[in-house]
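The values are calculated or read from the model by the stated rules, or taken from the named source; none is laboratory data. Quantities reported herein were computed from a predicted structural model and do not represent experimental measurements. With ideal geometry, Cβ positions are generated from the backbone for all residues, glycine too; neighbour counts draw on all protein chains shown.
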Amino acid sequence: MARTNQHPMAPDDETPVFVISVAAQLAGMHAQTLRQYDRLGLVSPSRTQGGGRRYSGRDVSLLREVQRLSQEGVSLAGIQRILELEDQVEALQSRVKELVAEVEAARSTLEEARSGDRVFAAGPRGDVVAVRPGQRPKRTFASQALVVWRPGGR
């Protein structure tokens, strides 16, 4: 995630910095609710070496989303499925971006290859030789013909 106008050592949205009591307060929930969500796998915070939970800004946002969906009447199982599907959508969107970049790179490479149309001619012994567009092969006798071939029949 890009940082703008932040101190280089400032935590980003992914850095687990909040203990459970602070995260619960930020999310407007009871700490026991956060423990339940962790057990159910809805919001799984990082753990310290001693086993304490540490929540990131992203985790707190996710807790707020779970709370919002719960208040709208969605069951915890439904919320879990919604979160799973949102993760899948995010992963698929990321993959689509990767594939679009690969296709654009391949198109660019193909266009570069096509922009330098290759021209071939018959050499002095009847062999095929490549020449630059607009260039004639070295003539060894006057009756030599120039043959042009371009990929794709253009």
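May I ask you to list the residues in the stretch 26-77 that are closer than 22 Å to Asp12 by Cβ, assigned to a helix (DSSP H, G or I) and hydrophobic (A, V, I, L, M, F, W, C)?
Leu26, Ala27, Leu34, Val60, Leu62, Leu63, Val66
Test of understanding: among Ser56, Ser108, Ser70, which residue is in the same structural domain as Ala24 (by TED's automatic domain parsing), in contact with a Pro (Cβ under 6 Å, 6 or more places away or on another chain), polar (S, T, N, Q) and at pLDDT below 95?
On the way: Ser108 fails: in contact with a Pro (Cβ under 6 Å, 6 or more places away or on another chain); Ser70 fails: in contact with a Pro (Cβ under 6 Å, 6 or more places away or on another chain).
Going through Ser56, Ser108, Ser70 in turn, just one is in the same structural domain as Ala24 (by TED's automatic domain parsing), in contact with a Pro (Cβ under 6 Å, 6 or more places away or on another chain), polar (S, T, N, Q) and at pLDDT below 95: Ser56.
Quick one: would you say Asp87 is surrounded by 10 or more Cβ atoms within 10 Å (Cβ to Cβ) and in contact with a Lys or Arg (Cβ under 6 Å, 6 or more places away or on another chain)?
Values: surrounded by 10 or more Cβ atoms within 10 Å (Cβ to Cβ): yes; in contact with a Lys or Arg (Cβ under 6 Å, 6 or more places away or on another chain): no.
Answer is no for this residue.
So which residues in the stretch 24-35 are within 18 Å of Leu69 (Cβ to Cβ) and surrounded by fewer than 14 Cβ atoms within 10 Å (Cβ to Cβ)?
If the condition is that a residue be within 18 Å of Leu69 (Cβ to Cβ) and surrounded by fewer than 14 Cβ atoms within 10 Å (Cβ to Cβ), then Gly28, His30 are the ones that fit.
Conditions: (1) touching a residue at least 12 places away in the same chain (Cβ under 8 Å); (2) over 30 Å from Ala24 (Cβ atoms). Leu110 meets all but one. Number of the miss?
The number of the failed condition is (1).
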